[in-house]
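Enquirer: What follows is a single structure, and I will ask about it in a moment.
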């Protein structure tokens, strides 16, 4: 299969796309007071520079003022957005890419206790399953008004010189009208499919009547929403065919299913727990019956899957949205015949999970994405002196430090105590469905090899080892070690790291999770899959408190199927021997109740404490005393000692050698410091 199929031009309604690769609409949380400012625009501009054909932006952009911006969306309900769009479109068009905005009314899928505190509206007063808002039922006057807001929003996009708009249907207000379990109306907008689709049809008609003739209109639709009480495949197909036959849209952007519930979110925007190209066969069959040009983005994480999507006839334009968060220069590298240099999307769902937690979207292992105004996607060679840089530690922070320093043109040597690179990612990728995390290590390792970084494996670096290199800069990326519980009998506990790597036989385990991330739940799933009886306890109100909507439904479903017992609101108070087993005492976090769990192993996941002995030993030799200037770090400006003209050792520490954090934070440390070295 040739990847060149992705480079073929495509035309819709007289508008030409330079290739078949697009980025679909999403809400990264970068809006500023509802407007797409510099940060938002630079994020998309990087994709345009990288050669993409079309970048769609503004996921769930608001057309009507009663919708609260719970995802920090763009507000297209006022003319204030037009000047921003004009600047935005000029940026994108200057690089040869097209630009479209998604416009939407979220209906009940929002909150009445945020923003302007206006009660949500929906076809009927039915509680939203994911956001829990209880809307008021729309009056006919509401329907008429909202229809017009869509057309008015499209006009603002056209006046902003965008190439088109997309109307989002599944789970949002138009989709709520279509869904039998959300629409109990008895008027002309409820009952039969013809009635339930009347609202959507009027929206598209209003846009067509107001927007310029050459303005593209994309329809975002699901193939089948029946799993969540929405229209089934036959009804979705009828909607798509009839509206296209009437000329009411130009492009059909297909979701595999809807995402009305948290279960749906985990499937429609699936992470590495779902296979690549999950819905391509279904999309192909749907496309064949409708006849409209089709876009689809769903776990299309690499060029081979993207090329298959085109060649198989599933799509006309292939969405590589999360892949462009990992590397916005995919097309550029394909054109240069260096696809092996593409930083891969590993499907960690870090970006999506952050969005559904109300935070800005970032890529797990590309810290420059979303920070293009401050951090470079391409590292420029240094115009200063060539330095000797020693990096201690081959986890993600150390690998990124070595990569960036080498790209700057410095002489880099990396010391790794183990026989393999990867650090904690080696443990994480060995458990349950998180195996694709190893792609981060593989890419960074290949980049270091390409850049000629010297790697010294099986070397436990001591201060004498480092000083013998006579380095100009030393980066301590030694990571952390598992924290031990501060309770009686702590010595009887097994760390989650050891539990993940041990192969000894035992029948039961209690896992105590204080961290709230992937580690404990993925270990629980792993141990249960081996036939062990597993209990997971946490002092939090929920298990996996820091996990987002693409991850926790997967874990909770798997743990339930495996019979894993979950105990919340309890802290570990002590461990004691009970014959040849262990007895853990759990104390209620808010009351005086206690309970005891007997198991073969008591496993703790408490995060890490810095392995920073080497850092402290080297401080006395460093002219910056190991200090990282916090103001410079915050502003992503050069550390003051790097360009002061003085000589002598500079010492910095990054990642978990500073504090227990995640992969993104660790790699961000390294990029911010080394990009100016």
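Enquirer: Do we have residue 537 as part of a strand (DSSP E or B) and at pLDDT 95 or above here?
Expert: Yes; evaluated as a whole, the condition is true for this residue.
Okay, residues lined up against (1) closer than 30 Å to residue 672 by Cα; (2) surrounded by fewer than 24 Cβ atoms within 10 Å (Cβ to Cβ):
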| residue | (1), (2) |
| --- | --- |
| 260 | no, no |
| 263 | no, yes |
| 283 | no, no |
| 310 | no, yes |
| 332 | yes, yes |
| 351 | yes, no |
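Enquirer: When you look at residue 595, is it under 30 Å from residue 381 (Cα atoms), touching a strand residue (DSSP E or B) at 6+ places or on another chain (Cβ under 9 Å) and either without any contact (Cβ under 8 Å) to a residue 24 or more places away in the chain or not in a helix (DSSP H, G or I) (or both), yes or no?
Expert: no
Enquirer: Mind checking which helices (runs of 4 or more DSSP H) fall wholly inside the stretch 145-245 and carry at least 1 residues that are outside the structural domain of residue 296 (by TED's automatic domain parsing)?
Expert: Answer list for the stretch 145-245: none.
Enquirer: Does residue 461 fit the bill of being touching a residue at least 60 places away in the same chain (Cβ under 8 Å), more than 32 Å from the chain's Cα centre (by Cα) and part of a loop (DSSP other than H, G, I, E, B)?
Expert: yes
Enquirer: Right, another one. I'd like to know if the stretch 394-404 contains one or more residues that are crowded, with 23+ Cβ neighbours inside 10 Å, at pLDDT 95 or above, in the same structural domain as residue 658 (by TED's automatic domain parsing) and more than 18 Å from residue 672 (Cβ to Cβ).
Expert: Yes - at least one qualifying residue is present in the stretch 394-404.
Enquirer: What residue, of 315, 346, is over 26 Å from residue 433 (Cα atoms), assigned to a loop (DSSP other than H, G, I, E, B) and assigned by TED's automatic domain parsing to the domain that holds residue 18?
Expert: 315 is the lone residue from the list that is over 26 Å from residue 433 (Cα atoms), assigned to a loop (DSSP other than H, G, I, E, B) and assigned by TED's automatic domain parsing to the domain that holds residue 18.
Enquirer: State yes or no: is residue 282 assigned to a loop (DSSP other than H, G, I, E, B), touching a residue at least 24 places away in the same chain (Cβ under 8 Å) and farther than 19 Å from residue 167 by Cβ?
Expert: no
Enquirer: While we're looking at this one, here's another question. May I ask you to verify whether residue 560 is more than 23 Å from residue 501 (Cα to Cα), out of contact with any helix residue (DSSP H, G or I) (no Cβ under 9 Å at 6 or more places or on another chain), in a helix (DSSP H, G or I) and not assigned by TED's automatic domain parsing to the domain that holds residue 659?
Expert: Against the criterion (more than 23 Å from residue 501 (Cα to Cα), out of contact with any helix residue (DSSP H, G or I) (no Cβ under 9 Å at 6 or more places or on another chain), in a helix (DSSP H, G or I) and not assigned by TED's automatic domain parsing to the domain that holds residue 659), residue 560 qualifies.
Condition check ((1) in a strand (DSSP E or B); (2) on the phi < 0 side of the Ramachandran plot; (3) in the same structural domain as residue 326 (by TED's automatic domain parsing)) across all residues:
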{"residue": "616", "(1), (2), (3)": "no, yes, no"}
{"residue": "625", "(1), (2), (3)": "no, no, no"}
{"residue": "644", "(1), (2), (3)": "no, yes, no"}
{"residue": "647", "(1), (2), (3)": "no, yes, no"}
{"residue": "652", "(1), (2), (3)": "yes, yes, no"}
{"residue": "660", "(1), (2), (3)": "no, yes, no"}
{"residue": "668", "(1), (2), (3)": "no, yes, no"}
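Enquirer: If you take the residues in the stretch 246-271 that are part of a loop (DSSP other than H, G, I, E, B) and modelled with pLDDT under 80, which one is farthest from residue 172 (Cα to Cα)?
Expert: 270
Enquirer: Considering every residue within the stretch 366-387, establish whether at least one is in contact with a strand residue (DSSP E or B) (Cβ under 8 Å, 6 or more places away or on another chain) and within 17 Å of residue 473 (Cα to Cα).
Expert: Within the stretch 366-387 (the criterion being in contact with a strand residue (DSSP E or B) (Cβ under 8 Å, 6 or more places away or on another chain) and within 17 Å of residue 473 (Cα to Cα)), the answer is yes, since at least one residue qualifies.
Enquirer: Another question, then. Kindly check whether there is at least one residue in the stretch 103-115 that is assigned by TED's automatic domain parsing to the domain that holds residue 150, over 25 Å from the mean Cα position of the chain (by Cα) and either under 22 Å from residue 12 (Cα atoms) or assigned to a strand (DSSP E or B) (or both).
Expert: no
Enquirer: Shifting gears a bit: Quick one: is residue 208 more than 33 Å from the chain's Cα centre (by Cα), crowded, with 16+ Cβ neighbours inside 10 Å and more than 23 Å from residue 98 (Cβ to Cβ)?
Expert: Against the criterion (more than 33 Å from the chain's Cα centre (by Cα), crowded, with 16+ Cβ neighbours inside 10 Å and more than 23 Å from residue 98 (Cβ to Cβ)), residue 208 does not qualify.
Enquirer: Here is a list: 509, 500, 505. Which entry is in contact with a helix residue (DSSP H, G or I) (Cβ under 7 Å, 6 or more places away or on another chain) and not in a strand (DSSP E or B)?
Expert: Within the list 509, 500, 505, the selection yields 500.
Yes/no matrix, rows are residues, columns are (1) surrounded by fewer than 23 Cβ atoms within 10 Å (Cβ to Cβ); (2) within 30 Å of residue 515 (Cα to Cα); (3) without any contact (Cβ under 8 Å) to a residue 40 or more places away in the chain:
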| residue | (1), (2), (3) |
| --- | --- |
| 623 | yes, no, yes |
| 630 | yes, yes, yes |
| 633 | yes, yes, no |
| 638 | yes, no, yes |
| 643 | yes, no, no |
| 649 | yes, no, no |
| 656 | no, yes, no |
| 666 | no, yes, no |
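Enquirer: Condition test on residue 614, is it within 30 Å of residue 461 (Cβ to Cβ), modelled with pLDDT of 95 or more and crowded, with 18+ Cβ neighbours inside 10 Å?
Expert: yes
Enquirer: Tell me, which residue of the stretch 526-543 that is surrounded by 24 or more Cβ atoms within 10 Å (Cβ to Cβ) and in contact with a helix residue (DSSP H, G or I) (Cβ under 7 Å, 6 or more places away or on another chain) is farthest from residue 562 (Cα to Cα)?
Expert: Filtering first and then ranking leaves 536.
The values are calculated or read from the model by the stated rules, or taken from the named source; none is laboratory data. Since this is a predicted model, take the numbers as computed values, not measurements. We place every Cβ from the backbone using ideal geometry, glycine too, and count neighbours over all the protein chains shown.
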